[in-house]
Every structure is written in C-alpha cells, then in structure tokens.
Amino acid sequence: MDFITDYGLFVAKLATVLVFLLALTFGLALIRKRGKAGQEERLEVKRLNDKYDAMALALRAAMGPKRAFKQAHRAFKAERKARAKDAAGGNGSGTRKRVFVLRFQGDIRASAVAALREEVTAVLTVATPNDEVVVILESPGGVVHGYGLAASQLQRFKDHRIALTVAVDKVAASGGYLMACVAQRIIAAPFAILGSIGVVGQMPNFNRLLKTHDVDYELITAGEYKRTLTMFGENTEKGRQKFREDIEITHALFKDFVRTHRPDVDIERVSTGEHWYGLQALELKLVDAVRTSDDYLRDASATADLYELTYIRKRRGLERILSPGVWWG
C-alpha cells in the first residue's frame, strides 16, 4: 500500500514538472515570437485629422451638455464621410489636399536617415504635385556624409515637384540646417536654434602618453595624404595643413549648398559658424516664418488630410557613439 502511495506521489510530481516545462517552453516561444514580430520592419501611418477631431470632441463632451455634444458628434461623422467620399478615387484623384508628415530626430551620426529614406520612398509612391510634405526636424548636426545623404533624401521631394516644408521647433543647426535649407519653406519656433554653418574636425592625440610609457606605435600608409592626423602617431605640421585644407573645402561646399537653395541669404554673413534664434533667423532670411509645427499642422488640417508616417526599423546591436572624423559644426 505504501508502495502504491509513493508511486502515485512520484507520478504526480513528474506530471507537475512536465506541465511546468511545457508551460515554460510555450512561454519562451511566445516571447521569442513577439520579439521577432517587434523587429519586423514596417510603415506606421496615423491620420492626424482624427487625432485633432477626437481631442475637440473630448473637450466638448467635458464642457457642454449632452445635446450639444451629440450635435457635434453628428457633424464630425458627416464631415468624415464627406472626406472619405472625396478621397475614394485614390491616387490623388480627390479634390482635398494631402499633407504627409515626417519626423527626423537627428544624432551625430545621422542614423535616422535609414528610416527617412524609406519614408520618402513611401510618400513618393502616392504623392502628387498637389500634395505637401512637412518634415519636423530636430538636429544639432553631425557627420558630413550622413547629413549630406539626409539632405539628398529631402531633395527627392523637390525633384518630383512636391512642396516641402521644414518645421524647426527646437534646433536645426549645422548638418540639421543643411537639411532644412533644401525646403521651399522653413518655419521655426521663436527660440529655435538655427544656423551654425561651419565645419569642425577633431580627434584626441595620445602620442606623448605612449612615449611616456615607452609604447611604440607604427602606422604604415601608401599615399602621401592617406592619413593626415592620427590618434596615436606623432602628427606633423604638413599633415595639419592638409587637414585644414580639407576642412575649408568642406565649408565651401556647405556654403555653396545653402546659397543654391536660399539665394536671398547673405552667405558670408551667416557662414561664420554662429547660430541664431528663430526671430533672428527670420531677419537673416534663414527661415521664412516664425511659427511652431503644432500651429502649422493644426491649421492645415482644416483644408487637408494629414498623414504622419513612421518607418519602424529592425532593432540593431549597439553602435559606436563616437568616431574620429569631420562634422558639420
């Protein structure tokens, strides 16, 4: 009898362990599946008109009597139905203008350009010259090649004759302004920072530290200017001079780029590396109007359908934050 009891307890324990292992395996598989799904690249689209309308309805519901709210809700539904009917033709055949909203949050490496190029491509598949693109831009600048590519992505809209407006609420300096100046129209908040049309190149040098600790550093190159300045070798005045020349060439290209896209700007006045606030930038013709992106989009929603696009990229491993090189500065 004791044997049967012990055997029964053993079977019960074994079954409990098996159930636990199965549940654990299922849970891990589900988490892994969700993790992979979260890493899939996709395009998210939000209709900003609905957001604004929902906010207005929520306030009316809180402030007014139920009867007034019901009337407002019926009017909202009727307007939405009219908009849907107008856009039913697709491919821009409706009479109502469309505004595509993109957001660019820049870092020193301009890593957001990877998503920007996909968002631009998506817009170009449906946009017509009757539409408009608004880019809400925030960036203090960064590497030359990264922001050069970002500016080229915005140029694609102009090449397809689609109106481009850049809105700066906080900062568009250096490489950020390189991007902004591509637009036909730049708006900025009163205290947004703009300008900084200059170039900076910097890197530390540890050569004296290595010598102090009797550490030799060998650098072998082919080509007189393959490496002008190094972090560990002993830099020469000839190498420094070549590096300065490269910086000046980059600055000249930056100035020419701004002059091409904003010919009314006194480029020699604004290309000193200084930055200005929105109100000052308006006087210098670096921007066309002092206004926030919120105000611009809210007004646009009265006569246009607004769509905000966000391209979700696959999650990447940690990238190096700093690297020696030349920055828009």
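Read-outs: derived from the displayed coordinates by stated rules, not from any lab. Predicted model, so just to flag it, every value in this text is computed and none were measured. Quick reminder, even Gly has a Cβ in these numbers, built from the backbone with ideal geometry, and neighbours come from all protein chains shown.
Tabulated data for the structure shown
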read-out: Dipole axis of the stretch 106-252 (+1 Lys, Arg; -1 Asp, Glu on Cβ), positive-most option in Leu219, His160, Ala127; value: His160
read-out: Order of Val113, Val287 - criterion: other Cβ atoms within 10 Å of each residue's Cβ, fewest first; value: Val113, Val287
read-out: Within straight-line cross-link reach of Lys211, aspartates and glutamates at Cα separation under 16 Å, skipping those fewer than 8 residues along the same chain; value: Glu234
read-out: Distance violations [Cα-Cα > 22 Å] among Lys46/Lys97; Lys158/Lys285; Lys66/Lys97; Lys46/Lys66; Lys158/Lys255; Lys97/Lys158; value: Lys66/Lys97; Lys46/Lys66
read-out: Residue order, fewest to most beta carbons within 10 Å, for Leu154, Leu282; value: Leu282, Leu154
read-out: Computed over the stretch 194-254: relative contact order in percent, which uses C-alpha pairs under 8 Å that are six or more apart; value: 41
read-out: For Glu234, Glu41, Glu119, order by how many other beta-carbon atoms lie within 10 Å, fewest first; value: Glu41, Glu234, Glu119
read-out: Length-normalised contact order of the stretch 159-213 in % [C-alpha pairs under 8 Å, at least 6 apart]; value: 36
